[in-house]
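Engineer: Structure incoming, see below.
The values are calculated or read from the model by the stated rules, or taken from the named source; none is laboratory data. Please read all numbers here as calculations on a predicted model, not as lab measurements. Positions of Cβ are backbone-derived with ideal geometry, glycine not excepted, and every protein chain shown enters the neighbour counts. Accessible surface is based on the protein model in full, side chains and every heavy atom, while ligands, DNA and RNA are left aside. Shrake-Rupley method; radii C 1.70, N 1.55, O 1.52, S 1.80 Å.
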Amino acid sequence: MAKTGTLSLCHSLIQLGIPTLHWWSYGDPLPDSVGFDKKGYGIEGLKYLKNNMTFIKEMGYDKIYDAFTEIPFLGNSPLKHRYLFLHKLPVWYSNSLFIYLDRNVDTWWDSLIGHSRRYDSMAEVKELELMKEELYFRFYESIGYDKGVLSTLPTENVLYMNICDDGDGWKKLCNFLETDIPDKKFPHRNRGIE
């Protein structure tokens, strides 16, 4: 889910040498440098998903990236498609590791509004503020579903982190990935002005 530390996680995975894609804005390698075009991929991703196909493979993502910290293939599709995708991932990639980023709903909301105030029009910000109750509901609904899917996986394949509120970082991540802890500060990215 956006605004839970996904960009920080992306940067940390890249620093560990893991090719990672974060939405369309960032990755190593950068998406446009390897021929991926944002236009049409949401539609293509849904087409594969509806046909029970591993669209990460069908679209060539798994040949370039080993980790994904946001889901560019589904764009702004309904939540039900995200749920279906998450439910299928463990089936398609049974030996994969999953990192669930948790966040307090109130700090998530503050971050979401802050992000919107920096990048969206005032009309969009006001619309978002009017949706607060619905978005809180979606936040909790998403948490319940995501954790339900993850509870079906072997516990050694799932890591729960809270980068934003609890300060989880290198130690927790590197222990999970069974890799050395880098001698550098954990990369906190896309933080709002405090």
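Engineer: Taking the criterion of being over 16 Å from Ala2 (Cα atoms), within 18 Å of the chain's Cα centre (by Cα) and of a type in the set (Ser, Thr, Tyr), would at least one residue in the stretch 88-96 satisfy it?
Structural biologist: yes
Engineer: Residues that are over 17 Å from Lys3 (Cβ atoms), within 19 Å of the chain's Cα centre (by Cα) and in contact (Cβ under 8 Å) with a residue 60 or more places away in the chain: does the stretch 111-128 have at least one?
Structural biologist: no
Engineer: Sticking with this one: For the stretch 84-167, give me every one of the helices (runs of 4 or more DSSP H) that falls completely inside it and has 2 or more residues that are among the hydrophobic types (A, V, I, L, M, F, W, C) and open to solvent by 80 Å² or more (accessible area, probe 1.4 Å).
Structural biologist: Qualifying helices (runs of 4 or more DSSP H): 122-130.
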